[in-house]
Structure formats: structure tokens, C-alpha cells
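Throughout, read-outs are computed from the coordinates displayed, never taken from laboratory work. Just so it is clear, the model here is predicted, and its values are computed rather than measured. So basically every Cβ, Gly included, is an ideal-geometry build from the backbone, and we count neighbours across all protein chains shown.
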Amino acid sequence: MYFASFADFLSMQGHGIYVWASYALGLVLILANLLVPIWRTRRLRQRLQRRLQSTAAPAKELNS
Amino acid sequence: MKDTLLRWFHKWGSPKWFYDLSGRWMPWLAGLSLICLLVGSIWALAFAPMDYQQGNSFRIIYLHVPAAILAQSAYMLLAILGVITLVWRMKMTEILATACAPIGASMTFLALVTGSLWGVPTWGTWWIWDARLTSMLVLLFLYLGIMALQDAIRDPSSAARASAILAIVGVINIPIIKYSVEWWYTLHQPATFKLTEKPAMPMEMWLPLLMMLIGFYAFFAWSLLLRARHQVLIREQKTRWVTQLLDAKPATKSDPSESAKS
């Protein structure tokens, strides 16, 4: 560890606000770029699956 | 030789092939990016020494430089995809270009904002209209323009061709960004990474930076595949292979990171 204490680590000799703001934004952007497509794909797959089931069900009834 | 090239193109043109392959690649990319970014940021924030001139604000470099490099690499990829889209009209390059633009835009934004946050304690200003900063801002607007074009035109192929032209024309901005620190007077420091020379920084600063750079590239590839797979499903939703894929896995347990084995 480069810093003497945790408070020292947070304040970074007055530069903490700039450093932590940068890393917070980086984290938000990286997470958004991963989670948004994951959520969208999940929703799309669920929607397509429901559509698939609603079109498949009447066909089964006809067969029985 | 020509045959292999043709086969290669044919494969890359196939969304199903892409979907299968990307599903197998993603866990590796995810692991590599998460490990590198996690270890890299802890190293950068807590263990790397501070710069004797810039103090602790120097730690922003570990985010700023990879974001800026990635922003430009993503743009080059976008332009190359644009050329292939225009010449061969491949569906997959259209899809990858749509997936690439938002990631590139967010990396450009990150580079600009972290640069600003770094500028306050080191230069005493958020922003100056010098060549490096202005050309990066132009890059952001290029990305936003490309995304707007991709979104505005209804037919995906026409949208892809229009935005491909803008992407290719905008490539002129990339050498301007690169050489802006050498051609014009600027506050911005010269390039941190040089392929041809030994790094000017000490190892304990250079290694975490390299780690973050690898992490950012792996993250880019991972996010690109995630976005592209979403686009593939939208465009191919009526095809047999997507129907079979959805049939094989129940919706409640569907995991986008899993690969299709149909």
C-alpha cells in the first residue's frame, strides 16, 4: 500500500475528488456497456420465446 | 489461398456461425477483462507511486490513457467495418458496426471527462480549445453522428451504408488526434505508449497501465460481442436457427452468455 492510512487513501492529498470521480465514471460506463446489452438480450429472448409458444400451441391442439 | 479467404468471408458473413463462436469466446474475454481491470485499478489506486510533479492526480492516467486509446481503436475498427460493408455488403459487419459505435462513444466521453478532471489540479483549467482536446471532441461528435444515422434510417442496410460513409470520411480525424501534440502547441503531454521505444515511465507505473490497457481491450471485445449478439437475434428472429435456439432453452433460464449448440 502506497498510503499511510485509509483516510489518506481517500483524500489523496487533495486530489482524491478528481481521482475518485474519474474512477466512478469509468466504472459506471463499463458496467453500462456490459449490463445494457445483457438485459436487452434477455428481454428479447423472452419476448421471442413467448411468441414462439403462442404460435406453437394452436398447432399442437390441431394434432391431438 | 483465394479459397480460404472466400471461406473465411463466408463464415464471417454467417450470423449463426458468429453467434456460436462468440458464445464460446465470451467467458474468456469476460474473465480476462474482469481480472485485468480489477487488479489494474487496485494497483493503480493504492500501490503505484505518485508522480513527483503531478502528485496523486496522476492516478487518473490509468483510466484516461486506455480509454483514449480504445476510443481511437474502436473508431478505426468502425471505419474498417464500414469499408467491408460498402464493398461486400456483409450483414455481420453492419451488425458489428452498430455494436461498436456506442462503446467507442462512451470511451471517448470517458477520456474527455477524465482528462478534464485531471486538468483541474495539473493545468488549473477544465478545458482549453487546443488541438488534442478539440480533435477528441470532434471524435465524440463523429461517434454521435454515426449512431444517429444508424438509428434514423429504418432499413438496416441503408442505415449501415450511410453511417459507413461518415465513419470512413471521419478517419481523417484519427491522425489529427495522434499528431496534434506534435504539430501544435498544447498543454497536453506527448504519447505515453510508444511501440518503438522503451517506456519512459518506471516499471511500477508502466505495468499497471499495461494491465489496464489489456483489461480495456478485453472489455471492449466482450461488450462488442454482447451488443452484436443482441443485434443478431433481432435481425435473425424469423430464421430457423434462432427458433431452434429458443426452443432448446426455456426463457426463464436463458443466459445470454451461453452458446447455442443447435
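Structure notes:
- Structure-based [θ]222 nm, chain A - -39500 (n - 2.57) summed over DSSP H runs of at least 4, per residue, nearest 500: -30000 deg cm²/dmol
- Residues whose placed amide H lies under 5 Å from that of B:ASP51, excluding near-sequence neighbours: B:PHE58
- Percent of Cα pairs in the protein assembly as shown per distance bin of 10 Å, from zero to the largest separation: 5, 23, 29, 22, 13, 6, 1, 0, 0.
- If R0 is taken as 30 Å, the Cβ-Cβ distance between B:ILE234 and B:SER73 corresponds to a FRET efficiency of 0.70.
- Averaged over residues, the count of other Cβ atoms within 10 Å places the peptides B:103-111, B:207-215, B:117-125 in the sequence B:103-111, B:207-215, B:117-125, highest first.
- Globularity index of chain B, i.e. its alpha-carbon radius of gyration over 2.2 N^0.38 Å: 1.12
- Loop trypsin sites (Lys or Arg not before Pro), region B:74-171, which have at most 16 other Cβ atoms in a 10 Å radius of their Cβ (DSSP): B:ARG89, B:ARG154
- Each residue of region B:180-187 was assigned a 3J(HN,Hα) from its phi angle through the Karplus curve 6.51 cos²θ - 1.76 cosθ + 1.60 (θ = phi - 60°); the sequence is 4, 6, 9, 6, 10, 5, 8, 7 Hz, with glycine and proline shown as x.
- Projected over every direction and averaged, the convex hull enclosing the alpha-carbon atoms of region B:1-148 yields 11.7 nm².
- Computed across region B:44-96, the Kirkwood hydrodynamic radius from all distinct Cα-Cα pairs reaches 13.7 Å.
- Taking all C-alpha pairs of region A:6-56, those more than 13 Å from each other amount to 70 percent.
- Estimated FRET transfer efficiency when R0 is 41 angstrom, pair B:LYS178-A:LEU52 (beta carbons, to 0.05): 0.25
- Percentage relative contact order, chain B, counting C-alpha pairs under 8 Å, at least six apart: 32 percent
- Note on region B:25-70: Cα convex hull, mean projected area over all directions, 3.6 nm².
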